[in-house]
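A short worksheet on the structure shown next.
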Protein chains: 2
Amino acid sequence: MALAARAAGAVTEVVGWGRSAETLERARALGVIDRIAPARADVARGAAVVVLATPVRSLGEIAREIAPALAAGALVFDVGSVKVNAIREVERHLPRGAFVACHPIAGTERNGPDAASPLLFEGKACVICPSAGNGEEAVATIEALWTAMGAEPVRMDAALHDRVMAAGSHLPHVAAYTLAGVLAGLDPEVVSGLLRLPTSSLRDTTRVAASSPAMWRDILLDNKDQLLPLVEKLAANLDGLRAGIAAGDGDRIEAILSTGKSGRDRLVPS
Amino acid sequence: MALAARAAGAVTEVVGWGRSAETLERARALGVIDRIAPARADVARGAAVVVLATPVRSLGEIAREIAPALAAGALVFDVGSVKVNAIREVERHLPRGAFVACHPIAGTERNGPDAASPLLFEGKACVICPSAGNGEEAVATIEALWTAMGAEPVRMDAALHDRVMAAGSHLPHVAAYTLAGVLAGLDPEVVSGLLRLPTSSLRDTTRVAASSPAMWRDILLDNKDQLLPLVEKLAANLDGLRAGIAAGDGDRIEAILSTGKSGRDRLVPS
C-alpha cells in the first residue's frame, strides 16, 4: 500500500510501525517507508491518514493506543478480512466518523516488505463498509485513495461483507489449511515421490495455506458466526463423500462431485 | 496427446473413438484425429500403439473389447490416475507385456477437443509403471513417445504411484469438490456478492472441482484403499479446526494452521 500510494503521488511521507525492528529496517531500506515511528503510540502523530494493517483482533487495542496522538480530522482505515467486529472495536476508541472500514480483495500468500508490489491493487476490488458514523466526505476521501492506488472501490454493508467473505475466502482457507495439514503428516517415501511429481491440483488447492497462521487465526475467530455453519456443511459434505467411497457407491460419489462442479462453475465462470 | 504426437512427427494416422459422435466429429474437424473408428472394437485394428484415455474403471472392459483386433506386437497404454488396478484389469485381456501403464502429470480441469493443446505435456513428468510382464523394449518405446510429446518419463512402482497420487492429487480433488459443494448451496445475495468480489483463494482452491465428475468418481473408487485413510485424516483436521473456532481457542487454531503451512511449504517450496 505504501508503494502504491507513493507511486500515485498520494502521500508525502510514509511512517511505519510494526512488531519487528528487523522488518521495519528492511522496509525502510527498500524505500517502502520513509521513517520508523519511535513507538506504536506515536505512529499516528501528524498523519492525515492512518492505515491499520494487523491481525483483525488487534485492531481495537491499536486504535485505543493511537487515539491520543491522532490529529483533528485525520482518517483511519483498516484492510482486514472481517468488518462487523472491526467497526465495533475500533470506533469505540476514535472520534466519531474517523474510521472507514476497508477490505481490498487483493494480496497473496506472501508477506513482508520483500513481497511488496506497487501493483498489488491494480484492477482489484476494495470493499468499503461505511458505518453509521461516517460522513460522505470521509468515505469519498478513502475511496479516492484506493482509486489512486489502482483499486476499484465497492461499497457494501459490513454484515453482508462478512457473509460473502466467510464463503469466498475464509472457508477456502479452512479447506486449504486442513488439507495441507494432512500432507504435513505423509511418510518420507510419499513426500519424495510428490517432490518428483508436482501436481497443479496440490499446488493450487493448498496455495493459501502458505499464508500467515497468526493473521488467519484472527480472521477465523473474528468471523466465527458466519464461518462456523459453512465449516459444518463442509464437514458434512466430506463425510458424505467419505461414506460414498467407503461403500463403493459410484452414484453417490458422482452426485457429490457434480454438485461441487456446479458450485464452482457458477461462482467462477470460465 | 494426438496433437502432441502429430507435432512431434511420431504418428502417421490418428484414429479416434469415443462415446459422443458430436465430440468425435468436432475432434476430426479440428484436426485432432484423422478419422473415426467404425466401432469401439475396431479402434485398435492396424494400430502400432493404442491409447486408452477413459475413466479408469472402464479400462478393463475396453481392453477386453479391443483385444481381438490388436495387431501382433502392438502396444497399449493408458493415462489414468490410478495404476495398480489398471494393470491388473487390463493385463488379463491383452497379450503379455503389451500394456504399459502410464500417468502423465499434466492436464487441466477442462476437457474435450476444444481444450486440446499440443503443448500440454511440455516439461511435465509422465509416470511409467512397468509391470512384471513388460519387456524393456516396450517400456523404452512408450518412454520415447512421451519424450517426443515433450514429457519427462519417470519410472515408479505402481503401488507407490497410487500412494503418492492419493495424497498429491486425489485428496486435493476431494477437498476442492466438497468445498465447492458448500458454495453450491449459498443464498443468492451471497452469490451475487461473490461475483462482484472474486477472490483468488476461492478460484484456486476450487479450480479442480470444475473437472469431470465421471472421471473423478472412478479415480476415487479405484484408489479407495490409499485414499480413504487420508480422507479420514482430513475430516479429523477439519473437525479439530471447527472445534477450535467454536471454542474461540486461538492457540489451537493457530497450531492447526501452522501445521498446514509447514505441510504446504515442504511440498511446494516457494
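Of note:
For every residue, the table says whether it meets (1) outside any loop (DSSP other than H, G, I, E, B); (2) among the hydroxyl-bearing types (S, T, Y); (3) at pLDDT 95 or above; (4) under 22 Å from the mean Cα position of the chain (by Cα).
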site	(1), (2), (3), (4)
A:E22	yes, no, yes, no
A:I33	no, no, yes, yes
A:P68	yes, no, yes, no
A:G80	no, no, yes, yes
A:A86	yes, no, yes, yes
A:E89	yes, no, yes, yes
A:H93	no, no, yes, no
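- B:A21 being open to solvent by 40 Å² or more (accessible area, probe 1.4 Å) and farther than 30 Å from B:G123 by Cβ: yes
- Considering residues of the stretch B:155-183 that are touching a Lys or Arg at 6+ places or on another chain (Cβ under 6 Å) and facing chain A (nearest Cβ under 7 Å) only, the residue nearest to B:A106 (Cα to Cα): B:A180
- Any chance B:G135 is surrounded by fewer than 24 Cβ atoms within 10 Å (Cβ to Cβ), touching a Pro at 6+ places or on another chain (Cβ under 9 Å), touching a residue at least 12 places away in the same chain (Cβ under 8 Å) and over 14 Å from A:R196 (Cβ atoms): no
- Selection count where residues are among the hydrophobic types (A, V, I, L, M, F, W, C), in contact with a strand residue (DSSP E or B) (Cβ under 6 Å, 6 or more places away or on another chain) and surrounded by fewer than 19 Cβ atoms within 10 Å (Cβ to Cβ), scope the stretch B:149-163: 1
- Filter result (more than 7 Å from every other protein chain (Cβ to nearest Cβ) and over 14 Å from A:L183 (Cα atoms)) within the stretch B:215-232: B:M215, B:D218, B:I219, B:D222, B:N223, B:D225
- Tally, over the stretch B:194-208, of residues that are part of a loop (DSSP other than H, G, I, E, B) and either open to solvent by 10 Å² or more (accessible area, probe 1.4 Å) or touching a residue at least 24 places away in the same chain (Cβ under 8 Å) (or both): 3
Condition check ((1) farther than 24 Å from B:E254 by Cα; (2) modelled with pLDDT of 95 or more; (3) of a type outside the set (D, E); (4) touching a Ser or Thr at 6+ places or on another chain (Cβ under 8 Å)) across all residues:
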| residue | (1), (2), (3), (4) |
| --- | --- |
| A:T205 | no, yes, yes, yes |
| A:V208 | no, yes, yes, yes |
| A:R217 | no, yes, yes, no |
| A:L227 | no, yes, yes, no |
| A:L234 | no, yes, yes, yes |
| A:R242 | yes, yes, yes, no |
| A:A247 | yes, yes, yes, no |
| A:G250 | yes, yes, yes, no |
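- For the condition open to solvent by less than 40 Å² (accessible area, probe 1.4 Å), at the interface with chain A (Cβ under 10 Å from one of its Cβ atoms), not acidic (D, E) and not in a helix (DSSP H, G or I), B:V127 qualifies.
- Condition check for A:E143: without any contact (Cβ under 8 Å) to a residue 40 or more places away in the chain, open to solvent by 40 Å² or more (accessible area, probe 1.4 Å), farther than 21 Å from B:A180 by Cβ and among the acidic types (D, E): no
- The residue that is least open to solvent (accessible area, probe 1.4 Å), counting only those in the stretch B:233-258 that are of a type in the set (D, E) and more than 7 Å from chain A (Cβ to nearest Cβ), is B:D249.
- Candidate set from the stretch A:184-198 (those that are more than 12 Å from B:G263 (Cβ to Cβ) and of a type in the set (G, A, S)); member that is nearest to the other protein chains (Cβ to nearest Cβ): A:G193
- Which numbered condition A:V268 misses (of (1) touching a helix residue (DSSP H, G or I) at 6+ places or on another chain (Cβ under 7 Å); (2) at pLDDT 95 or above): (2)
- If you go through the stretch A:199-208 and keep only what is within 7 Å of another protein chain (Cβ to nearest Cβ) and either over 13 Å from the mean Cα position of the chain (by Cα) or more than 18 Å from A:E109 (Cβ to Cβ) (or both), you end up with A:T199, A:S201, A:L202, A:R203, A:D204, A:T205, A:T206, A:R207.
- Taking each residue of the stretch B:102-114 that is open to solvent by 30 Å² or more (accessible area, probe 1.4 Å) and looking for partners that are part of a loop (DSSP other than H, G, I, E, B) with beta-carbon atoms closer than 6 Å, six or more apart or interchain, yields B:A106/B:L120; B:A106/B:F121; B:A106/B:K124; B:E109/B:S211; B:N111/B:S212.
The values are calculated or read from the model by the stated rules, or taken from the named source; none is laboratory data. Everything numeric here is computed off the predicted structure, so don't read it as measured data. When we count neighbours, we look across all protein chains shown, and the Cβ atoms used for this are built from the backbone with ideal geometry, even at glycine. Please note that ligands, DNA and RNA were not included when accessible areas were found on the heavy atoms of the full protein model with its side chains. Shrake-Rupley method; radii C 1.70, N 1.55, O 1.52, S 1.80 Å.
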